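The structure appears right after this line, and notes come after that.
The values are calculated or read from the model by the stated rules, or taken from the named source; none is laboratory data. This structure is a prediction, so every number in the text was calculated from the model and none was measured. Methodologically, a virtual Cβ is constructed for each residue, glycine included, from the backbone with ideal geometry; neighbour enumeration extends over all protein chains shown.
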Amino acid sequence: MESMDLLSFVAVPALAYLVMAALVAVDAVVPAVPGEVAVISAGALAAAGHLNVGWAIAAATLGALTGDLAVHGMSRRALPGVLERFRAGRRLKAKIEQAHERMGSTSAAAIIAARFIPLGRTTMSAAAGVAGMGPRRFGVIAFAAGLLWSSWAVGLGYVTGSVTDAPLWLQVAIGAAVGVLVGVWAGAAHTIVRTRRRMSERARAAEATECEEPSPSRTPELVA
């Protein structure tokens with residue numbers, strides 16, 4: 001019965017794409033919404049011939065971009081004022097701005113990488129907004145991140161649906177599990193790289209401080 005209901009739903013592909021895009025968009029604001037599961041399901045349904053891969057990727061990309069821009073816009077307008085009210089908030093805001101300045105041109109790579117990390121999408125979009133990144137630049141980066149992520153998630157569902165004869169729910173579960181594992185691995189790798197970078201920066205700062213310290217001057221000895 002559930003299979004028949006699902007097939008009757010995807011019998012109107014435009015509705016399926018619209019619902020998937022909406023879930024992905026809302027997932028940026030409410031991470032509990034199963035946006036990624038919907039995209040992986042679309043890939044599995046595309047493998048069965050019920051949906052089109054290209055349209056599924058386009059719909060998921062549109063939803064991802066819409067959600068990211070919403071989080072970025074809210075964070076850019078509202079969050080700085082809220083953070084300024086509290087001492088801890090001011091410190092957090094300063095740290096976010098400093099981190100954004102240190103990243104410089106690499107902030108684009110960080111935003112794209114965060115798209116594949118659990119909760120990374122929401123966190124990075126909010127951080128970019130608080131740091132004052134312009135909506136145009138963020139939109140371009142978010143579009144690239146959304147396109148890469150959508151292609152990955154739809155492709156994951158498509159491959160899972162193509163190589164297994166399992167029921168749809170099991171195909172989606174396998175695809176989602178692989179996606180989570182890859183996301184956790186990416187998050188761990190990002191944390192390791194960031195930690196090493198911080199340690200190297202501190203080491204260079206310590207060396208620079210030691211070099212700047214004046215050497216103790218020797219007082220001339222008086223010869224009797």
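Inspection of region 17-33 finds no residue satisfying the criterion of being closer than 25 Å to T164 by Cβ and at pLDDT below 90. Do you know which residues across region 146-203 are more than 30 Å from H50 (Cα to Cα) and either of a type in the set (A, V, I, L, M) or outside any helix (DSSP H, G or I) (or both)? Hits for region 146-203 are V184, A186, A188, A189, I192, V193, M199, A203. Can you tell me which residue within region 37-56, out of those that are within 18 Å of the chain's Cα centre (by Cα), surrounded by 24 or more Cβ atoms within 10 Å (Cβ to Cβ) and touching a residue at least 60 places away in the same chain (Cβ under 8 Å), is farthest from G155 (Cα to Cα)? Per the stated criteria, the residue is V39. For the condition over 26 Å from S162 (Cα atoms), of a type in the set (D, E, K, R), in contact with a Ser or Thr (Cβ under 8 Å, 6 or more places away or on another chain) and part of a helix (DSSP H, G or I), D68 qualifies. Where helices (runs of 4 or more DSSP H) fall wholly inside region 71-139, the ranges with 2 or more residues that are among the basic types (K, R), at pLDDT below 75 and under 23 Å from A186 (Cβ atoms) are 87-103. When G139, G146, G157, G129 are checked against the criterion of being surrounded by fewer than 21 Cβ atoms within 10 Å (Cβ to Cβ) and either in contact with a helix residue (DSSP H, G or I) (Cβ under 8 Å, 6 or more places away or on another chain) or closer than 12 Å to H72 by Cβ (or both), a single residue qualifies: G139. Condition check for A58 on (1) out of contact with any His (no Cβ under 9 Å at 6 or more places or on another chain); (2) closer than 24 Å to A32 by Cβ; (3) hydrophobic (A, V, I, L, M, F, W, C); (4) at pLDDT 75 or above: one failure, at (2).
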